[in-house]
1. Ranked highest first by the average count of other Cβ atoms within 10 Å around their residues, in what order do 85-98, 152-165 fall?
2. Find out how many positive minus negative residues lie around VAL60, taking Lys and Arg as positive, Asp and Glu as negative, among other residues whose Cβ is under 12 Å from that of VAL60.
3. Quick query: amide H of LEU149 versus all other amide H atoms, modeled in the peptide plane; which residues come in under 5 Å with a sequence gap of 5 or more or a different chain?
4. Could you state the number of Å between the C-alpha centres of region 213-233 and region 26-47?
5. Quick one: with all protein chains in place, what share of the accessible area of region 85-190 is carbon or sulfur, to the nearest percent (1.4 Å probe)?
Amino acid sequence: MSLAEHLRELRNRLAKGLLAITVVSIVAAFYSQELMEFLADPVPRCEPGMKQTGGHCATVTFNDLLSPFTTTVKVSLMVGIIVSSPVWLYQLWAFVAPGLHKNERKYTYWFVAAAVPLFFGGAWLAYTILPVSMRVLLGITPDGAANLLPMDTILDFTVRMVLVFGASFELPLLLVMLNMTGMVTGRRMLTWWRGVVMGVFIFGAVATPTTDPVGMIALAGPIVVLYFLAVGVSFLNDKRRRRNDPDAELDDDEASDLDLTPEAVGDVDSVRPPRALPEQAGTGRSDQRVNGFDDVT
């Protein structure tokens, strides 16, 4: 295909992906009320007769006239992107796949098959701990103040939590892919465990939108477990690689072990020397020696 044909194909596939996002977003707009209730469900609501100050509960609000409309558009677009992801991801894959080798496609299938459950597992964990995180954050409120939470703020907070948790759960998969390509071994990964555990907890404290230890531990704990699972998978892959190729883990400038055991020499075949000297030419004998030599040497 020429460059123009490639660009035309890319345009068509992007158009199909955007069309799928638009259709799903329009359908989601009709259920925006239920979707916003689902997003605001982790917020501890203030019920009648309940003390509304001191961080015991919060009231969900819209700050201005356009806020209900913009929040509805945000929620509908977010749902459209997530629900239609199989369509636009397939369009991107169909555009890239013809340029990949067979083994590269196989690794891509395995990567996607593992990446999707890991991301949704992280997203589910983020939504599960949202009520605890919100209660911890609201508990800092002084006794004389009440909490009014704008709906768009709740939406942004929830999306950030889901994205951070979902993307963080992909870290072990990245380590496994580096091991599959031979860039790092399982033994090398295991030597990093102290730094990785410390770095994961620091990342959990910085990356989570909440400032409470609950969110940090909820994010860092599963990642540490997944890290050690990735190390175990890498060890199994290294064992398989060594069984198929004993020199697979050697560096480019590292010599492989050589078998220097001498082998038995078989029967020696007699080789008639060539007629290399002028004195030997025309004699009819190839074994004639001149000054004790049978060739030019």
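1. Values: 85-98: 13.9, 152-165: 19.0.
Top to bottom by mean Cβ count within 10 Å: 152-165, 85-98.
2. Around VAL60, the surrounding residues sum to -2.
3. The answer is THR59, VAL60, THR61.
4. 30 Å
5. Details: 4420 of 6160 Å².
Ligands and nucleic acids excluded, carbon and sulfur give 72 percent.
The values are calculated or read from the model by the stated rules, or taken from the named source; none is laboratory data. Quick caveat: nothing in here was measured; it's all calculated off a predicted structure. Here Cβ is always computed from backbone atoms with ideal geometry, including for glycine, and neighbour counts include all displayed protein chains. What goes into the accessible areas is simple: the full protein's heavy atoms, side chains included, and nothing from ligands, DNA or RNA. Shrake-Rupley method; radii C 1.70, N 1.55, O 1.52, S 1.80 Å.
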